[in-house]
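**Student:** My questions all concern the structure below.
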Amino acid sequence: MIRELKGWHVFSGFAGAFGIIIAVNLTLAYKAVATFPGLEVRNSYVASQSFDVDRAAQELLGWNVSAEVTHDTLRLFIHQSGEAIAPIIEEATFGRATSVAADQTPVFVFDGTAYVAPVTAGPGNWNLRLKLRAPGGTLFQQRVIVAHVAS
């Protein structure tokens, strides 16, 4: 038995295909906007005016900053000339790279080699956004990608 292809069959196929495409695009657009963490700075032009000076001052400190998570414990390592240092932590936010929903404010304690804080961290990409203050008053800002150490 041969069935005849009619106009409404073709229209239904096109309408269904484009309906799926539009539904997927709307879903992805909603997810992109709903999970956007926001702006880095209020006015990028104003922030750019002192960027090079701030970066140069920060690089003169010679700090090497890294972080890792093991068993829900965040360890923040700050070294200057190979020695562990403990500058003042003005702000620290531990969270996902693309969403602020799981952001945490860790309470760090310096143990002589690193700052240590309890956090809740599942698998995936985590960042630590830091604002530290050097003894001379220089502000050090950095977003550190947190390494996961196998437990």
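The values are calculated or read from the model by the stated rules, or taken from the named source; none is laboratory data. Source: prediction; values computed, not measured. Using ideal geometry, Cβ is built from the backbone for each residue, glycine included, and neighbour counts are taken over all protein chains shown.
**Student:** Hey, among the residues in the range 103-131 that are under 29 Å from ARG55 (Cα atoms) and without any contact (Cβ under 8 Å) to a residue 24 or more places away in the chain, which one's farthest from the chain's Cα centre (by Cα)?
**Tutor:** ASP111
**Student:** Of all residues in the range 96-148 being among the small types (Gly, Ala, Ser) and not in a loop (DSSP other than H, G, I, E, B), which is surrounded by the fewest Cβ atoms within 10 Å (Cβ to Cβ)?
**Tutor:** Looking at the filtered set, the residue picked out is ALA147.
**Student:** Of all residues in the range 51-66, count the ones that are touching a residue at least 40 places away in the same chain (Cβ under 8 Å) and in a strand (DSSP E or B).
**Tutor:** Qualifying residue count, the range 51-66: 3.
**Student:** In the range 1-43, what count of residues is obtained for those that are among the small types (Gly, Ala, Ser) and either in contact with a Phe, Trp or Tyr (Cβ under 9 Å, 6 or more places away or on another chain) or closer than 30 Å to PHE94 by Cβ (or both)?
**Tutor:** The qualifying residues number 4.
**Student:** Checking the structure you have, find out if any residue of the range 73-86 is aromatic (Phe, Trp, Tyr), within 13 Å of TYR115 (Cβ to Cβ) and touching a Pro at 6+ places or on another chain (Cβ under 9 Å).
**Tutor:** Scanning the range 73-86 turns up no residue that is aromatic (Phe, Trp, Tyr), within 13 Å of TYR115 (Cβ to Cβ) and touching a Pro at 6+ places or on another chain (Cβ under 9 Å).
**Student:** What's the total number of residues in the range 122-151 that are at pLDDT below 90, of a type in the set (A, V, I, L, M, F, W, C) and more than 13 Å from ALA67 (Cα to Cα)?
**Tutor:** 1
**Student:** Of the residues that sit in the range 33-66 and are exposed (fewer than 11 other Cβ atoms within 10 Å of the Cβ), β-branched (Val, Ile, Thr) and under 19 Å from the mean Cα position of the chain (by Cα), which one is farthest from PRO87 (Cα to Cα)?
**Tutor:** Taking the candidates together, the pick is VAL33.
**Student:** Please enumerate the residues belonging to the range 67-95 that are surrounded by 11 or more Cβ atoms within 10 Å (Cβ to Cβ) and free of Cβ contacts under 8 Å to residues at least 12 places away in the same chain.
**Tutor:** Answer for the range 67-95, where residues must be surrounded by 11 or more Cβ atoms within 10 Å (Cβ to Cβ) and free of Cβ contacts under 8 Å to residues at least 12 places away in the same chain: there is none.
**Student:** Being farther than 26 Å from THR35 by Cα and of a type in the set (A, V, I, L, M), is that true of even one residue in the range 90-98?
**Tutor:** no
**Student:** Report yes if PHE36 is out of contact with any strand residue (DSSP E or B) (no Cβ under 6 Å at 6 or more places or on another chain), more than 20 Å from GLN142 (Cβ to Cβ) and assigned to a loop (DSSP other than H, G, I, E, B), otherwise no.
**Tutor:** When the stated conditions are applied, PHE36 passes them.
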